[in-house]
Every structure is written in C-alpha cells, then in structure tokens.
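Have a look at the structure below before the remarks.
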Amino acid sequence: MATVQFKGIVKKFGDNLVLNGVDVDIKDHEFVVIVGPSGCGKTTLLRMLAGLEEVTDGEIFIDNLLVNELHPSKREIAMVFQDYALYPHMTVEENMNFALRLRKMAKTEILSRVTEAANILQLGKFLKRMPKQLSGGQRQRVAIGRAIVRKPKVFLFDEPLSNLDAKLREEMRVEIAKLYQRLNATIIYVTHDQVEAMTLAGRIVIMNHGIVQQVGSPIEVYRKPVNLFVAGFIGSPTMNFLSGRLSIADGVAVFSNESLTLPIPAFVLPQKEAADGREVVLGIRPDDVMVERPGGEKCSGKIDGVLEVCELLGHRENLYLKVGGQRLLATVEAFFNRSPGSAVSLCFNYQNMHVFDKTTERRISE
C-alpha cells in the first residue's frame, strides 16, 4: 500500500475555482473519507489523484513520488465509480480480468486473482453472468472486484453507494468495512453522505467550497467541530443553532436572545471575559436537549417550551419544540406520550455545548 499527499492543490475550470489550496496527508493503510456537499470539489480531488484531471497548481505525491505528470496507468491506483462502469457485453469474470488481460498477464495468475477476489466478495456463482442479470449491489461488488484484482497501491471510491436503495447501502457499508479489514489497504472514499463518513472512516476530511474545513477522526469532528459548517454538516439529526449575545453578569457568562437567557458554565468558556458583548451562535445536538417526562428525571435550570410535532422512530422519538420564537429539535427515548400543543420543560447538557463566533463562524468554546 502507499501514502498519499496533497500539497497546496488548486483546480480551476476556466474562471471557476473548484479547489483552493487543499493540503491533506494520508497515511499508509489508512481509510480516509472525503465528505462534503455536492459541488464542494471532493470528486475533482479524487480524479486528479487518479490522473483523470490535470492539476492547476500544487503537488500530488504517492509514496513520496510526485505524480502530477505521471500517466494514470503508472500510478498504481484503482478507482470504483458511482455508476459501476461495467462493460455490458462482458461477463462478470471478463469485467474483472479485463485490465489484467490488457497487461498480458499469465492466464494462471489472472485466474488466481479473479478467484481470490470473487471469494472475498462472494461472487463465485455470478462469474458467468452478464451485468444486466445482477442487482445494483452485485454490480457494485463486481466493480470493487475489478479494482481488487489489480492489487493497486491505493483504492479510490467515488460515491459508490449513491445509486443503491437504503437497505443495500447499509449492507454495502458493512461489506466495504469488512473488505478494508481483510485487505488492510489504503482507501480514499468520497461521499456526500455523512453517515457513510462516520461509519467507515478512520479519518474524515470535510470540505466546502473547495476548501478543507476540518480533518480528524469521526469522534473528533463530531465532538469538536471547528466551525458552524462542520457542526451543521456532521451529525444526524442536524445540530440546533441559537443566535444571541454573550455578557458577563456577576462573573458568569450569560447567553441571551429574544427567546431565552442561559448562564454558560466556566468549563464551556474558560476565557469568558474575552467573550463579553460578543455575538455568538450556540450549538446543541438534539441528543443533548433533555425534555422532562412524568415520573422521569427532572431538569435543572429548566426552560419552558411547547411541543409542536412528535416523530416516532422506533426506539427513539424526535420532538420538535418551540421556545419563544426559537424552534428546537430534541431526540429522546420513545414513547414520550405527550400531545402536540402541550407545555414541556427542557434543559441542555452543557458538557456538550458548542459556542461559535457569529462573524467568523469559528469555534470559541472548549
């Protein structure tokens, strides 16, 4: 396997700046997921690594070898595409061994590699079938098998599950995770689905508007998002945001807006004096909004609200709440057993509170 380095990568299509100074180091045998909204430049970055797009500026290294001008066939990379890209007139076996036949590899070696990949992906009984005779998940496994037989230094996945239904996506996520454990490969995986990113990645690269916003483990970017974009993009359901102003009262930082007033504990804002008068955005994940229920644990420092809508999700329930003019989402254990329109009391888990500067959108809390 191999290391990969992006250094100061810039990509322009005419006057359109798609990537703006991307710096990312990927370690040997690492599973890195590049995630972001459509149009953020993640697929373009992958295609430049594969040699399918030219680099406007910056350098790309594979195993410390500069590959900007290296032909795609010489980069020892295999790419799995979103639309499978299988040859419809070839069998599964022929699709998988096509690149090896082009290399004029020995027939015994080709057979050995195809058999090994087919066993890994449970494709043995499909080798003589045509792609049209396969399901979407089976076609994607064939595309992955075609990459495996080449034994590349780096595997590239470009939104490989986006054409599958929800159940198949879950199954294929598990298959890809098991495949990584078995191959111990260097994998770079692009998706717009943050659930895929959180469940598959060893590290996540979060992009927006062609700029890397944050790089870290799934738990790091979830617990300590560096800015409002990352906070809103990572996590499902999305984080609640409350805009307001900080002030200092009797040595305590206080957040206030038209709907509520909240004291902010010192462990959230150790440098509270620097925040006096600052316009901020509080971030609270729905799991950290606690709502009192009859006979349950009582909230301390509780806030009055109104229940608007309940969404039952099986063992969990989404509660859409209104606090003054502010709307909040809470995720609680089912069954809440309160009717829409009823008054509720709620409070926040301050241990997981996030505070962002409203102007810069950067994190200022611990």
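Every residue, every condition in (1) assigned by TED's automatic domain parsing to the domain that holds Gln213; (2) modelled with pLDDT of 95 or more; (3) polar (S, T, N, Q), yes or no:
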residue: Ser259; (1), (2), (3): no, no, yes
residue: Ile264; (1), (2), (3): no, no, no
residue: Glu273; (1), (2), (3): no, no, no
residue: Val281; (1), (2), (3): no, yes, no
residue: Met290; (1), (2), (3): no, no, no
residue: His315; (1), (2), (3): no, no, no
residue: Gly325; (1), (2), (3): no, no, no
residue: Leu329; (1), (2), (3): no, yes, no
residue: Glu366; (1), (2), (3): no, no, no
Looking across segment 223-240 at residues that are touching a helix residue (DSSP H, G or I) at 6+ places or on another chain (Cβ under 7 Å) and not in a loop (DSSP other than H, G, I, E, B), the single one that is surrounded by the most Cβ atoms within 10 Å (Cβ to Cβ) is Phe233
Residue pairs within 6 Å by beta carbon, gap of at least six or interchain, first lying in segment 251-263 and more than 12 Å from Glu279 (Cα to Cα), second modelled with pLDDT of 90 or more and of a type in the set (Phe, Trp, Tyr), listed first then second, are Leu262/Phe255
In segment 1-45, anything under 18 Å from Leu65 (Cβ atoms) and among the hydroxyl-bearing types (Ser, Thr, Tyr) is listed as Thr3
Next on the checklist: Any residue at all in segment 207-220 that's crowded, with 19+ Cβ neighbours inside 10 Å, assigned to a helix (DSSP H, G or I) and not assigned by TED's automatic domain parsing to the domain that holds Leu313?
Outcome noted: no
Here the residues within segment 6-46 that are free of Cβ contacts under 8 Å to residues at least 24 places away in the same chain, under 19 Å from Thr191 (Cα atoms) and over 17 Å from the mean Cα position of the chain (by Cα) are Asp25
Counting only residues that are over 15 Å from the mean Cα position of the chain (by Cα) and of a type in the set (Phe, Trp, Tyr), segment 144-181 contains a total of 2
Expected single match for more than 18 Å from Leu242 (Cβ to Cβ) and β-branched (Val, Ile, Thr) among Val291, Val254, Val309 is Val309
For helices (runs of 4 or more DSSP H) lying entirely in segment 91-160, having 2 or more residues that are crowded, with 19+ Cβ neighbours inside 10 Å, in contact (Cβ under 8 Å) with a residue 60 or more places away in the chain and in contact with a Pro (Cβ under 9 Å, 6 or more places away or on another chain) picks out 136-148
Inset, instruction - Determine whether segment 193-205 contains at least one residue that is under 16 Å from the mean Cα position of the chain (by Cα), crowded, with 18+ Cβ neighbours inside 10 Å and at pLDDT below 90. - result: yes
Notebook entry, point to check: Would it be correct to say that Ser247 is part of a loop (DSSP other than H, G, I, E, B) and touching a residue at least 12 places away in the same chain (Cβ under 8 Å)?
Noted result: no
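For Arg285, state whether it is basic (Lys, Arg), within 27 Å of the chain's Cα centre (by Cα) and not assigned by TED's automatic domain parsing to the domain that holds Arg223. Break it down stepwise before answering.
Working: basic (Lys, Arg): yes; within 27 Å of the chain's Cα centre (by Cα): yes; not assigned by TED's automatic domain parsing to the domain that holds Arg223: yes.
So Arg285 fits the description; yes.
The values are calculated or read from the model by the stated rules, or taken from the named source; none is laboratory data. Here the structure is a predicted model, which is why all the values come from computation and not from measurement. Using ideal geometry, Cβ is built from the backbone for each residue, glycine included, and neighbour counts are taken over all protein chains shown.
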